[in-house]
1. Please name all residue pairs, on different chains or six or more residues apart, with Cβ atoms under 7 Å, provided the first residue is in the stretch 132-153 and is over 16 Å from LEU37 (Cα atoms) and the second residue is aromatic (Phe, Trp, Tyr) and not in a helix (DSSP H, G or I).
2. Out of all the residues in the stretch 140-153, which are surrounded by fewer than 12 Cβ atoms within 10 Å (Cβ to Cβ) and touching a helix residue (DSSP H, G or I) at 6+ places or on another chain (Cβ under 8 Å)?
3. If you check TRP107 against the conditions, is it modelled with pLDDT of 95 or more, part of a helix (DSSP H, G or I) and within 23 Å of TYR13 (Cβ to Cβ)?
4. Report, by residue number, each residue of the stretch 40-54 that is in contact with a Ser or Thr (Cβ under 9 Å, 6 or more places away or on another chain) and within 18 Å of LYS129 (Cβ to Cβ).
5. Hey, which of the helices (runs of 4 or more DSSP H) in the stretch 1-92, taking only ones fully inside, have at least 2 residues that are at pLDDT 95 or above and among the polar types (S, T, N, Q)?
6. So ASP89 clears everything in (1) free of Cβ contacts under 8 Å to residues at least 24 places away in the same chain; (2) touching a Phe, Trp or Tyr at 6+ places or on another chain (Cβ under 9 Å); (3) under 26 Å from VAL150 (Cβ atoms); (4) not aromatic (Phe, Trp, Tyr) except one condition, right? Which one?
Amino acid sequence: MWDMITDILSDYYLWTKTLHIISVITWMAGIFYLPRLFVYHTESVKTGSETDTLFQTMEQKLLHVIMRPAMYSTWTFGLLLVFTPGIVDWLEIWPWVKAASVLTMTWFHFWLAARRIDFTEGRNSRTGKQFRMMNEVPTLLMFLIVFSVVLKY
């Protein structure tokens, strides 16, 4: 049975890899954009205004309609790649660096979701500067992930 599964994974490797890359690009677009929305929301919008409602709608849709499905598909296709024979050698360092970075990116995704709830409940306490600084987290993680996968360090 396991041989049949690994044969299927091997046969569809390029499809899985392609869908993984598309999912990652989509997820990362949201991961970069949502903190930016939070910056503008914090610095330019009065709580309870029509613009506040508009920002909350944009943030909610970005998070739930784009980012969440992209995160799930990134994880799904990534795990399928992990189980594809010959793709990952866990004796090397790079898959561990990538795994730790992806776990941290996932934590960041949920941190952003919690900040969105703060806005919804009118209790955001962070500044635009803090959101700008946090917006650097996915950039650093992206560098670690891409360099580890491409260079296999």
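1. PHE147/TYR153
2. Result: LEU151, LYS152, TYR153.
3. Details: modelled with pLDDT of 95 or more: yes; part of a helix (DSSP H, G or I): yes; within 23 Å of TYR13 (Cβ to Cβ): no.
Taking the combined requirement at face value, the residue does not satisfy it.
4. Here is the first cut: in the stretch 40-54, the ones in contact with a Ser or Thr (Cβ under 9 Å, 6 or more places away or on another chain) are 41-45, 51.
Residues satisfying the conditions are HIS41, THR42, GLU43, SER44, VAL45.
5. 13-44, 50-61, 68-83
6. (2)
So that you can scan it fast, the table gives a plain yes or no per residue for (1) β-branched (Val, Ile, Thr); (2) under 17 Å from the mean Cα position of the chain (by Cα); (3) closer than 22 Å to SER23 by Cα; (4) surrounded by 14 or more Cβ atoms within 10 Å (Cβ to Cβ):
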| position | (1), (2), (3), (4) |
| --- | --- |
| TRP75 | no, yes, yes, yes |
| LEU81 | no, no, yes, yes |
| LEU91 | no, no, no, no |
| VAL102 | yes, yes, yes, yes |
| MET105 | no, yes, yes, yes |
| PHE119 | no, no, no, yes |
| THR127 | yes, no, no, no |
| PHE131 | no, yes, no, yes |
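The values are calculated or read from the model by the stated rules, or taken from the named source; none is laboratory data. Owing to the predicted nature of the structure, the values given are computational and were not obtained by experimental measurement. Here the Cβ is made from the backbone with ideal geometry for all residues, glycine too, and neighbour counts use every protein chain on show.
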